[in-house]
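J.: Have a look at this one.
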Amino acid sequence: MDTVLRSAGKEVVIGAGRPFCIIGERINPTGRRIFCEQLRRGDLSRVELDVAQQVAGGAMVLDVNMGAPLADEAELMVAAVKLIQSLTDLPLCLDSSIIEVLEAGLATYEGKALVNSVTAEDDRLEAILPLVARYGAAVIGLPNDEEEIPEDPQRRLELAGKIIETATTRYQIPIEDVLIDPLAMPIGADTSVVVRTLETLELLRQRYGVNTTLGASNVSFGMPDRTAIVAAFLPMASAAGLTSAIMDARSAELVRAARACDLLLNRDDWGASWIAAHRAAVSAATAAAATAST
């Protein structure tokens, strides 16, 4: 099944037979002190740079989080959505744990957005899913609830089923508009966590066939050489059923890993996209060398 996201002028389709969807993670103040300070002043100049870098890197959708402490997050989300839509036609993923912020962003957005995210907690489902339905958006579901972030893939599947059932039955949200995050946990804390994520992806594919996404960098947290770990993880997860990821679209190594998945899993007919990307990179390097020598 295909999940369709739209901006005012562009459509992106996420699906098992489609190119792996790269959702750029960078427009997020978490761990970025200077960016947080800028947002508290209402300064969105860094957002412009983040957009430009991620578009150039190969992002297909942009995640937007304005959760800077002590800032007016709803006001910033509205301003950011308007600014980003003036800079690019990529669809957006609106990212906040605050209902009012999500509603402000959805009301401002021109197109069909992705909402990041809703858990299996009853109060969160009742608060967020009506917004998703009202604005015709898609939503990411996290299979954890009031009691636990489950380790057992079967329990994650059960909670994913609760989210899917509630969304499709109670709120008439099409199943193709519900993406499930299989929960990518840091391998630095427990080296078995990625195996459980991969098993969850397989179960989701077999039971529901829904599209999936996750924060790719989560798996490498606390470890050295994080990019190499994520670049190895992406093909494994893609083969298990992952159809998109929130990731660093500025990283050429990660984007190449995602594109190699498309080639190796027969999602790039005749390798046309892979060859075109290689030729573009060679041309850019040649032009840069020529400029440097003058």
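Here, each number is a calculation from the coordinates, and none is a lab measurement. This structure is a prediction, so every number in the text was calculated from the model and none was measured. Because the Cβ atoms are built from the backbone with ideal geometry, glycine has one as well, and the counts that use them run over all protein chains shown.
J.: What are the residues whose amide H is under 5 Å from the amide H of S117, where those residues sit 5 or more places off or on another chain and H is modelled from the backbone?
T.: Hits under the 5 Å cutoff: S96.
J.: Could you give the length gained on full extension between Q53 and E110, defined as 0.36 nm per residue of separation minus the Cα-Cα distance, in nm?
T.: On the way: separation 57, 0.36 × 57 = 20.52 nm, distance 2.22 nm.
Taking 0.36 nm per residue and subtracting the Cα distance, the gain is 18.3 nm.
J.: Here's a follow-up. Each residue of the stretch 247-262 in turn: what ³J(HN,Hα) in whole Hz from Karplus with 6.51, -1.76, 1.60 and θ = phi - 60°, glycine and Pro shown as x?
T.: In residue order, the calculated couplings are 8, 7, 6, 7, 7, 4, 5, 6, 5, 4, 4, 5, 6, 5, 4, 4 Hz.
J.: Points 7 angstrom from Cα along the Cβ direction at K10 and E75: gap in nanometres?
T.: Label at K10, label at E75, 3.0 nm between them.
J.: If you average 1/r over every pair of different alpha-carbon atoms in the stretch 136-294 and take one over that average, what Kirkwood value in Å do you get?
T.: Kirkwood hydrodynamic radius for the stretch 136-294: 17.3 Å.
J.: Can you work out the Karplus-derived ³J(HN,Hα) for every residue in the stretch 229-244? Use 6.51 cos²θ - 1.76 cosθ + 1.60 with θ = phi - 60°, whole Hz, and x for glycine or proline.
T.: 5, 5, 5, 6, 5, 4, x, 4, 5, 4, 5, 7, x, 5, 10, 7
J.: Within the chain, what percent of beta bridges assigned by DSSP are antiparallel, to the nearest 5?
T.: About 20 percent, rounded to the nearest 5.
J.: Per residue of the stretch 21-38, in order, report the coupling 6.51 cos²θ - 1.76 cosθ + 1.60 (Karplus, θ = phi - 60°) as ³J(HN,Hα) in whole Hz, putting x for Gly and Pro.
T.: Working through the residues one at a time gives 8, 8, 9, x, 9, 6, 7, 7, x, 4, x, 10, 4, 5, 4, 4, 4, 4 Hz.
J.: Something else now. Using amide H atoms built in the peptide plane, which far-off residues or other-chain residues are under 5 Å from I187 H to H?
T.: Correct list: S220, F221.
J.: Report relative contact order for the chain in percent, whole number only (criteria: Cα-Cα under 8 Å, sequence separation at least 6).
T.: About 19 percent, as a whole number.
J.: Next question. Along the charge dipole of the stretch 144-294, Cβ charges K/R +1 and D/E -1, which of T213, P182, S192 sits furthest on the positive end?
T.: Highest projection toward the positive end goes to T213.
J.: What's the center-to-center distance, using Cα atoms, between the stretch 219-262 and the stretch 63-128 in Å?
T.: Cα centroid of the stretch 219-262 versus Cα centroid of the stretch 63-128: 25 Å apart.
J.: Taking 7 Å along the Cα-to-C-beta vector as the label spot, tell me the I175-D123 distance in nanometres, rounded to one decimal.
T.: 3.1 nm
J.: Skipping prolines and chain starts, which residues have an amide H placed within reach, meaning under 5 Å, of the one on C21, given they are 5 or more residues away or on another chain?
T.: Amide H to amide H, under 5 Å and 5 or more residues apart or across chains, C21 pairs with S244, A245.
J.: For the chain, give the magnitude of the charge dipole about the Cα centre (Cβ charges: +1 Lys/Arg, -1 Asp/Glu; no others), in debye to the nearest 20.
T.: Working: 26 positive and 40 negative charges, 216 e Å.
Charge dipole, the chain, about its Cα centre: 1040 debye, nearest 20.
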